[in-house]
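Only the coordinates and a few stated rules stand behind these numbers; no lab work does. Note that the structure is predicted; figures quoted are calculated from it, not measured. Please note: Cβ atoms are built from the backbone with ideal geometry, for glycine as well, and neighbour counts cover all protein chains shown.
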Amino acid sequence: MTEYALILIGTVLVNNFVLVKFLGLCPFMGVSKKLETATGMGLATTFVMTLSSVITWVVNQYLLEPLGIGYLRTIAFILVIASVVQFTETVMHKTSPVLYQLLGIFLPLITTNCAVLGVALLNQQSQHTLVESALYGFGAAIGFSLVLTLFAAIRERVAVADVPEPFQGSAIALITAGLMSLAFMGFAGLVAN
Amino acid sequence: MKTFIASSPHVARVNRVDSIMLQVLLALVPGILAMIWFFGWGLLINILLAVTFAVAAECTVILARGRSPLPAIADLSAVVTAVLFAISVPPILPWWMTLLGMLFAIVLVKQLYGGMGYNPFNPAMAAYVFLLVSYPVAMTNWLTPTMLTEHHLSFTESLRIILDGSLPQGLSWDAVTSATPLDEMRGKLDRNLTMGEIRQSPLWGAFGGRGWEWVAAWFLLGGIYLLWKRIITWHIPVSLLSSLLVCATLFWAIEPQTHPFPAFHLFSGAAILGAFFIATDPVTACTTTRGQIIFGASIGALVYVIRTWGGYPDAIAFSVLLLNIAAPMIDHYTQPRVFGHGGKRG
Amino acid sequence: MAVAHSLIANRRLWTFHGGIHIPDEKSLSNGAPIAPIALPSRLVVPLQQHIGAPARVIVAVGERVLKGQMIAEPTGLVSAPVHAPSSGTLVAIESHPIPHPSGLMAPCAIIETDGEDAWAELPPPMTDYPQLDPELIRERIRWAGVVGMGGASFPTSVKLSPGTDRHIHTLIINGAECEPYISCDDRLMRERSGHIFEGVRIMHHLLGVKQVLIGIEDNKPEAIEEMRLALAETDMHTYTEIVPIPTLYPSGGEKQLIRILTGKEVPTKGIPAQVGIVCQNVGTAAAVADAVLEGRPLVSRVVTVTGRAIANPRNLEVPIGTPASDLIAHCGGYRETPRKLVCGGPMMGFALRDADTPITKATNCVLALTPEESPAPGPALACIRCGRCAQACPANLLPQQMYWHARAKDLDRVQDYNLFDCIECGCCAQVCPSHIPLVQYYRYAKTEIWSREQEKRKSEQARARHAAKQARLERQEQERQAKLRKQKEALAAKAKAQAKPETAAKQQASAASPTETANDS
Amino acid sequence: MLTAILAIAALAVLFGLMLGYSAIRFHVEGDPIADQIDSLLPQTQCGQCGHPGCRPYAEAVARGDDDINKCAPGGEATILAMADLLGREPVALDAEEKLPAVAFIDPERCIGCTLCLQNCPVDAIVGAAKQLHGILSKECTGCELCLPPCPVNCISMVPVTEEISGWRWPFPSTPLKETAKSQPERAAA
């Protein structure tokens, strides 16, 4: 039980995928202009990450490993992720057209979100069990969603700030992300990982 | 009589930003005097250096934007940032680190966001953390309280240490510096010493760290002055300190041998200073009443968590920055119930 | 919300969130009794002095009018008539600046007075009103053009007919007068308490309420004393109570006063009748008594002329339509050049651009402020999110958040923060250390939203008309096609074969000159 | 080698089937975004955006075929609203912003040709052949489509007069930016 809790705290805070591992920066910068969009993106990514960690684990455990084709991991995982993303996109187009429109290109781009592939590969690297994989994927996604929404709330404030012209937009957003990352260094050492 | 469309109210306004900042500086004076008393002249030099650097940096940036720097300087916010930074760093910090810290605080954390009022992060704390992760040794090299050393650094000696890092003749670094009480406790706890053994250290005072307890007490006085003058409200300091106290009491009650007496947490390190002067920075804190309580309580809890299990002996700066990140979100979800709106809002 | 209760006169009082203490400055003007003003030679009577539908002029230009004669009649249920404030000749109906923050002009009746101040024939007094049909009394109040005199100027007769489906149990009389400087209600209560009580009695009769609460801020002890004495002389003390309330701006706001006296909150976008309460100003009560008991329409009102720039600040009884400059002259003119001439109080009033702007039914104060009293606001600094505005806001809003979004012109977000619950009391701007003109941001946002809604309605209308036109064109086209087909069918197949190359050639020709076809689609 | 190809192929087929099924199960009709964009447009039907009316422009924007800054009558407000809806960056208006105006027919010069009538998208011009035409100024959207066809140039655009009921409080004029910017100039003067 403690182990699971540590995995969660570890992935959400201490080894946050965005602010500590610097994975998934593309949607982090791209879909954080509005809180609602960021929340939607967080939800979609959480769904994709958790589901794909489980499926990739199954694929790895029961297909790739037994057949001895572990070297195809990356290709197979990308296939899995792309399908899950496409599935999410189809469902979202039906259930929430506005969010679909708002996420726009970033929704299919979850496919190339390195955080998703990163989770899948790290799972195999650290020899996680199925439950651990699911938790690891879920934790990473929660960490991603958490900082994404917090970042979006900050960016909504920064958007109305009197930022010098050359620094408006992405520049100040990257500085903000950097400062957030600096603050997250405070969690270092909390969980030995 | 000029004709113009000006909205009411038409009478003189009662508050001013610069007078608020001045009151904050005033309230810091007793604590600063106590720190000088216990840790020597270095702090005063640091304050002067930091203020100079901060004001110069602010002027430069604003001039570079083609604006008049006078109003921004006159609001004293840069001075407050500089003084808070100088209090937080070791009193013999090399001058160039102070310069680096002030450039980071004023240029990157404050002015790039548009100056006072727009920065999402506390500039002084961001600069402190920046230096702490970049120069961990220099940033934890505290002076020994004056009652524990035979040699008291004079003003010129402190100045020389800060400017070119040279110690007075016949003195070693060990003679003038030591770890902070919190740092020492963490180190000894990691070596499996019990609280009883740790408390034998000369760095321990009556209810906090030696010297530190009185510094904190004087800052507390300043904080109460700010409350009395209504410069700050009680929500953040009270929730911060009580959550820290609750955490500390809880673990101390369970296992007194590995957890210090609760008052130690309050009166060592920057807890009091942080609660009244740093976390209450209105620009970067929560603005709703409920939000402020969550903000303060979370900082208190985080301080305890990081001090106890994290990688840093003190955690006010990190905790404040982490809650700075969360403040806009907390504000969003803690809007008060507006007059005439029936149900509570989430 | 914190519910602090103090027991004054055995009545529990509630508090509202926020509010501020400001110097009340009432002693400048409340020392001298209400004085009449010399009849001006020219009266400028705005035709709309109330909320609702504008009144329609019923007197021809050039006609002689008598004091109290109706010159414009109401045009809807929520509307009010306008009467001639004195006898004379209606010389023109023309645009003239009226008391409005925009300083824009609106149609006014210009009356040149003849100095006789001769009354028109007035309807008979209704001294026996308890025996009369309440509808008759309401009709009289409507005829008299009585509107809320506290500043809102909502037609009183409408407020006094809440409908049968709403049970009204409490009538609140607003004598709080929380705005600094203003003392017209104070003087009115001190000098004409009997009159006010007559009006209260009529409204009590009309509404059939159980209790009447008269709320007066405790910085007016003389008024409270006088009202108490006057009440003791009547038989109304069984259901009426004078309630002194703590002085705290803006306790005279309708919603705030109701909260203080009853603990009830008027729901957002709602009216007091929804919580069983009707609220009326003391001045309105006196005007109701005038209308019912003496048959006199609302043609004059008490106005406070004050501010340190005025030589002798005091209260005046002024015919509607008198230019503000006349009032100032009557009070000895300016002691020093004012920086601002304000209509209404310093917290919610608006600057007058033109001293010739006339007094209307809603004008309670003409305020000439010296540069010391009303210093020019320095340049606004950035908001530091100190939250003082949120602490002061009587509606428990987050003014700083509304400011950020209003400044970014994000009108949806401002409304998310409940912009329309803002009563524009000015507390937030008053305490703002950065001296940001917060109220103006909210007023900007509100009026901008209203005008966008107006545009939206207009565009919906345009869309409908456009769709109708498209449909019509299509129908016509179809009809034409049908006609054409019939003609074509009538023609022989041979003729058809001949016609084909011809039309093709025509098409080619028209494609060569595209300008002609540009608008055809 | 063969195992690898087969394994990947099997995976691909499996996921392909899943996606195929979901595409049928969650099929979406129409484009609700175009409706939402249309409702933000001022419905002047003026064609200044290059599209024949507001609805076609809305559809073009929804498809991503056109920018959001083409609506001159809507001005900045419409651009901001569309940017907000679509999550795009607001861009500057691609036309001159004009004050609201309505068409006015000079009764002296009108010859009653009915050409303007046919061009009015909202039927705001009334009249018959050889009769003086009149404009229903309440219905006029100020699209100016009636100006070019008039053979005698008798139609002009009259700015809408500001009335108290439609008056808007001005945006506060002394935010930090402007005062700060103007200060060096003052110092120089």
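Some observations on this one:
- Extending 7 Å from Cα along the Cβ direction at A:ILE75 and again at B:THR52 yields two label points whose distance is 6.7 nm.
- Using θ = phi - 60° in the Karplus curve 6.51 cos²θ - 1.76 cosθ + 1.60, the 3J(HN,Hα) couplings for segment B:112-120 round to 5, 8, x, x, 3, x, 9, 6, x Hz; x is entered for Gly and Pro.
- For chain A: relative contact order, % (alpha-carbon pairs under 8 angstrom, 6 or more apart): 44
- Long-range HN-HN contacts of B:SER178 with modeled amide H, under 5 Å: B:TRP142, B:LEU143, B:THR144
- According to the calculation over all Cα-Cα pairs in segment C:1-154, the P(r) per 10 Å bin from zero is 9, 25, 29, 21, 13, 4, 0 %.
- Contact order normalised by residue count of segment B:212-337, Cα under 8 Å, 6+ apart, percent: 30
- Ranked packing of C:463-469, B:117-123, most packed first, by mean Cβ within 10 Å: B:117-123, C:463-469
- Sum of -39500 (n - 2.57) over DSSP H runs of 4+, divided by residues of chain B (222 nm, nearest 500): -18000 deg cm²/dmol
- For peptide C:281-294, the mean count of partner chain Cβ atoms within 10 Å of a residue's Cβ comes to 0.
- Put simply, the amide H of C:ARG42, placed in the peptide plane, has neighbours under 5 Å in C:THR113, leaving out anything fewer than 5 places away on its chain.
- Segment C:96-127: GluC sites (Glu not before Pro) falling in loop per DSSP and having at most 11 other Cβ within 10 Å: C:GLU121
- Separation of the alpha carbons by more than 24 angstrom is noted, of C:LYS210/C:LYS255; C:LYS159/C:LYS361; C:LYS26/C:LYS159; C:LYS159/C:LYS269; C:LYS26/C:LYS269, for C:LYS26/C:LYS159; C:LYS26/C:LYS269.
- Over the protein assembly as shown, the ratio between the Cα radius of gyration and 2.2 N^0.38 Å evaluates to 1.13.
- In Hz, Karplus ³J(HN,Hα) per residue of segment C:450-462 (6.51, -1.76, 1.60; θ = phi - 60°; x = Gly, Pro): 4, 6, 5, 4, 4, 5, 4, 4, 5, 6, 4, 4, 5
- Convex hull of segment D:33-86 built on C-alpha atoms - directionally averaged projected area, nm²: 2.9
- With the Kirkwood sum run over all distinct C-alpha pairs, segment C:388-448 has a hydrodynamic radius of 11.0 Å.
- Across chain C, Cα pairs under 8 Å and at least six residues apart give a relative contact order of 16 percent.
- Segment A:2-184: projected area of the alpha-carbon convex hull, averaged over directions, in nm²: 11.0
- Amide H contacts under 5 Å for C:ILE71: C:VAL82, C:HIS83, C:ALA84, restricted to partners 5 or more places along the chain or on a different chain, H placed in the peptide plane at 1.01 Å from N.
- Whole-number D in µm² s⁻¹ for chain B, Kirkwood Cα-pair radius fed into Stokes-Einstein, 37 °C, 0.692 mPa s: 155
- Listed values for segment D:56-68 are Karplus-derived 3J(HN,Hα) couplings in whole Hz (6.51 cos²θ - 1.76 cosθ + 1.60, θ = phi - 60°), namely x, 5, 4, 5, 5, 5, 4, 6, x, 7, 9, 6, 8, and x replaces Gly and Pro.
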